[in-house]
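Peer 1: I have a structure here, written as C-alpha cells, and I will follow up with some questions on it.
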Amino acid sequence: AEALGDIRSALHQALAEGRTFDQFVKGLRPTLQRQGWWGGKPYDPATGEIIPGRGMTPRRLKTVFETNLQSAYSAGRYKAQLENADQRPIWEYVAILDSRTRPRHCGLAGRAFRFDDPVWGSISPPNGYRCRCRVRTKSEAEFRAEGGALSKGAGRMETNVVDLGKRGKVPVTGYRDPHTGELFAPDPGFDHNPGRGAFGLDV
C-alpha cells in the first residue's frame with residue numbers, strides 16, 4: 001500500500017508538471033529501491049524476505065505511467081466533450097489502425113453512439129493497458145452529411161465474469177454488436193469511464 005501510494009503521488013506530480021516518463025522513473029526509483037520494490041524480486045528491507053509478486057521495473061512502470069496518463073487525458077476530454085454535448089452530441093470511437101491495435105478495438109473504430117448512451121459507461125478509452133483509442137465528437141449535421149449509422153447500447157450491454165486465476169474472478173461489462181454478434185469487452189478493470197470519477201483507481 002505504501003509503494004502504491006508513492007507511485008500514485010508521483011503520477012499526479014508528473015501529470016501536473018508535464019513530466020516525461022524518464023523524469024517520472026528518475027524521481028520514483030530511489031523511493032522504490034529504499035522500500036525494496038525495485039527490480040524483479042521485491043523484498044522486505046527489514047527482514048530481507050522475498051515478497052511474492054513482481055517488483056517494479058522500468059518496463060512495468062512505463063505501462064503504469066502510460067495507462068494512467070491516458071486515463072487522465074481521457075477523463076479531461078470526457079468532461080470537455082460533455083460540456084459541449086448540446087452542440088456535438090454524436091460521439092465516435094476512434095482507434096489507431098496499425099499492427100499494435102487489438103482486434104476488438106479495431107472492431108469499434110468508427111462506431112458512433114449518442115453522448116448519453118449507456119455504452120460510454122463501459123467502453124470509454126482506455127480499454128486496456130497501453131490502449132491508444134479515443135473519442136471524437138460530431139454535430140448532428142456533420143454526422144448526417146457523412147451518412148453515418150448511429151448505434152445504440154441500450155439492451156446490448158452484457159456483463160460476463162472473467163477468471164483471472166489466482167487473482168480471482170472479475171465481472172466485465174461490454175457491448176454486444178447486434179450485426180456481427182461479437183462482444184466488445186474491455187480488459188478486466190477497464191470497463192469504466194475515467195471521466196466519471198473512476199480515474200485514480202487504475203494504479
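Peer 1: What are the residue pairs meeting all of these: first residue in the stretch 126-144, first residue within 16 Å of Gln87 (Cα to Cα), second residue of a type in the set (A, V, I, L, M) and open to solvent by 30 Å² or more (accessible area, probe 1.4 Å), Cβ atoms under 8 Å, and 6 or more apart or on different chains?
Peer 2: Final answer for the pair search is Phe143/Leu150.
Peer 1: Go over the candidates Ala112, Ala75, Ala80, Ala85 one by one and state the one that is farther than 21 Å from Gly148 by Cα, more than 16 Å from the chain's Cα centre (by Cα) and aliphatic (A, V, I, L, M).
Peer 2: None of the other options fit; the residue is Ala80.
Peer 1: Name every residue in the stretch 8-23 that is among the small types (Gly, Ala, Ser) and either part of a helix (DSSP H, G or I) or surrounded by 14 or more Cβ atoms within 10 Å (Cβ to Cβ) (or both), in order of residue number.
Peer 2: Within the stretch 8-23, Ser9, Ala10, Ala14, Ala16 qualify.
Peer 1: Now a separate question. If you go through the stretch 2-48, how many residues are hydroxyl-bearing (Ser, Thr, Tyr) and either more than 25 Å from the chain's Cα centre (by Cα) or within 15 Å of Arg59 (Cβ to Cβ) (or both)?
Peer 2: The qualifying residues number 3.
Peer 1: Moving to a separate point now. Taking Asp177 as the residue in question, decide whether it is open to solvent by less than 20 Å² (accessible area, probe 1.4 Å) and more than 25 Å from Ala80 (Cβ to Cβ).
Peer 2: So Asp177 fits the description; yes.
Peer 1: Could you please let me know if Gly153 is in contact with a strand residue (DSSP E or B) (Cβ under 9 Å, 6 or more places away or on another chain) and open to solvent by less than 70 Å² (accessible area, probe 1.4 Å)?
Peer 2: When the stated conditions are applied, Gly153 passes them.
Peer 1: Which one is modelled with the lowest pLDDT, of the residues in the stretch 166-181 that are under 22 Å from the mean Cα position of the chain (by Cα) and farther than 18 Å from Asp117 by Cβ?
Peer 2: Among residues in the stretch 166-181 that are under 22 Å from the mean Cα position of the chain (by Cα) and farther than 18 Å from Asp117 by Cβ, the one modelled with the lowest pLDDT is Arg167.
Peer 1: Here is a follow-up. Among the residues of the stretch 92-106, what is the count of those that are touching a helix residue (DSSP H, G or I) at 6+ places or on another chain (Cβ under 7 Å) and in contact (Cβ under 8 Å) with a residue 24 or more places away in the chain?
Peer 2: Within the stretch 92-106, residues that are touching a helix residue (DSSP H, G or I) at 6+ places or on another chain (Cβ under 7 Å) and in contact (Cβ under 8 Å) with a residue 24 or more places away in the chain number 2.
Peer 1: Can you name every residue in the stretch 80-97 that is assigned to a helix (DSSP H, G or I) and either surrounded by 15 or more Cβ atoms within 10 Å (Cβ to Cβ) or of a type in the set (Phe, Trp, Tyr) (or both)?
Peer 2: Gln81, Leu82 - these are the residues of the stretch 80-97 that are assigned to a helix (DSSP H, G or I) and either surrounded by 15 or more Cβ atoms within 10 Å (Cβ to Cβ) or of a type in the set (Phe, Trp, Tyr) (or both).
Peer 1: Another question, then. Considering only the stretch 110-129, I want to know if a residue exists there that is farther than 16 Å from His192 by Cβ, among the small types (Gly, Ala, Ser) and open to solvent by 20 Å² or more (accessible area, probe 1.4 Å).
Peer 2: Checked against the condition, which is being farther than 16 Å from His192 by Cβ, among the small types (Gly, Ala, Ser) and open to solvent by 20 Å² or more (accessible area, probe 1.4 Å), the stretch 110-129 yields at least one hit.
Peer 1: Specify which of the listed residues (Arg136, Arg100) is within 30 Å of Ala16 (Cβ to Cβ), modelled with pLDDT of 95 or more and open to solvent by 20 Å² or more (accessible area, probe 1.4 Å).
Peer 2: Within the list Arg136, Arg100, the selection yields Arg136.
Peer 1: So, one more: Taking interchain pairs and intrachain pairs at least six residues apart, which have beta carbon atoms under 8 angstrom, with the first residue in the stretch 59-74 and free of Cβ contacts under 8 Å to residues at least 40 places away in the same chain and the second open to solvent by 70 Å² or more (accessible area, probe 1.4 Å) and charged (D, E, K, R)?
Peer 2: These pairs meet every condition: Arg60/Arg54.
Peer 1: Just to be sure before I move on: is Gly27 touching a residue at least 24 places away in the same chain (Cβ under 8 Å), open to solvent by 20 Å² or more (accessible area, probe 1.4 Å) and part of a helix (DSSP H, G or I) in the structure I sent?
Peer 2: no
The values are calculated or read from the model by the stated rules, or taken from the named source; none is laboratory data. Keep in mind it's a predicted model, so treat the numbers as computed, not measured. All Cβ positions, glycine included, derive from the backbone under ideal geometry; neighbour counts span all protein chains shown. Each accessible area value is taken on the protein alone, full model and side chains, heavy atoms only, with ligands, DNA and RNA left out. Shrake-Rupley method; radii C 1.70, N 1.55, O 1.52, S 1.80 Å.
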